[in-house]
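Everything below concerns the one structure shown next.
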Amino acid sequence: MPSQAVRSHASWALWAALCACLPATAQATVFLCHDGRGGTVTTDHLGTDCLQYGGKELNPDGSVRRLILTQRQQADQEAALQREQAAREQQLREQREQRALLARYPDDASLQSARATDLHSVQALIDAAHERLKVLDRERHDNALDAQFYPNGNYPSDLRARMQINQSQREQEHQMIDAQQRELLRVEKHYRDLRARLRPLWARQHAAASVPAN
């Protein structure tokens, strides 16, 4: 007894032969649909098998007019299109960022100049904090001299307030210095990473500029 696949193939072959004998105006669209048993069904209308299991819509000459996708296939296709769109948008963003970087840092000299400026700004804050600490150290020394007159530690309220304020300000300056030291490390890393990113862009830009014009 012929299998389902053989019967389906024979049915399609018979259909194609009959269509070939008909005039062009009488030839109808053919649907070749999968069914739930792993076979195919040939019909002249879009049935539930095609919608549920997928298939093909054929032209009268047997060529494929379109694929009929299942809901899962449609969802997968839509997800793939979205991924492709996201990848294209990401590529465009990266290209815009690269152009902006090259406009800001056209060569290594410009990058190193920007690095030096940023490092100088941070170092200036550290130097200013050290200068303020020198002033606070002198104030602390003067407070210590005044405190010698009170060996029992029973300081007057004004002296005690000066000592507390001095200690608090010294702690703030040390915290400022520590924070700016971390900022120096961050700036250095930022420009190292930036240089690593720019080097291939510079090389590509130089190579393009070296190509003689036709």
note = The residue from 99, 115, 93 that alone is surrounded by 12 or more Cβ atoms within 10 Å (Cβ to Cβ) and either under 27 Å from the mean Cα position of the chain (by Cα) or in contact (Cβ under 8 Å) with a residue 40 or more places away in the chain (or both) is 115
ask   = Of all residues in the range 42-87, how many are crowded, with 16+ Cβ neighbours inside 10 Å and acidic (Asp, Glu)?
value = 2
key: Scope the range 53-76; condition assigned to a loop (DSSP other than H, G, I, E, B) and either aliphatic (A, V, I, L, M) or within 15 Å of residue 40 (Cα to Cα) (or both); matching residues   = 54, 69, 70
task = Could you check residue 186 against (1) more than 32 Å from the chain's Cα centre (by Cα); (2) of a type outside the set (Asp, Glu); (3) closer than 30 Å to residue 98 by Cα and say which number it fails?
result = (1)
inquiry  = On the basis of being among the β-branched types (Val, Ile, Thr), over 30 Å from residue 101 (Cα atoms) and in contact with a His (Cβ under 9 Å, 6 or more places away or on another chain), does residue 165 make the cut?
reply    = no
ask   = With 130, 120 as the choices, which residue is under 44 Å from the mean Cα position of the chain (by Cα) and touching a residue at least 40 places away in the same chain (Cβ under 8 Å)?
value = 130
key: Residue that is nearest to residue 65 (Cα to Cα), among those in the range 28-46 that are in a loop (DSSP other than H, G, I, E, B) and in contact (Cβ under 8 Å) with a residue 24 or more places away in the chain   = 29
inquiry  = Looking only at the range 187-214, count every residue that is among the basic types (Lys, Arg) and surrounded by fewer than 11 Cβ atoms within 10 Å (Cβ to Cβ) and tell me the total.
reply    = 1
ask   = Can residue 205 be described as within 30 Å of residue 94 (Cβ to Cβ), polar (S, T, N, Q) and at pLDDT below 95?
value = yes
message = Please pick out the residue among 181, 175 that is assigned to a helix (DSSP H, G or I), within 24 Å of residue 114 (Cβ to Cβ) and in the same structural domain as residue 125 (by TED's automatic domain parsing).
response = 181
query = Of (1) modelled with pLDDT under 95; (2) loosely packed, with under 12 Cβ neighbours inside 10 Å; (3) aliphatic (A, V, I, L, M), residue 161 satisfies all except one. Which?
reply = (1)
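The values are calculated or read from the model by the stated rules, or taken from the named source; none is laboratory data. Source: prediction; values computed, not measured. As a convention, Cβ positions derive from the backbone with ideal geometry for all residues, glycine included, and neighbour counts pool all protein chains shown.
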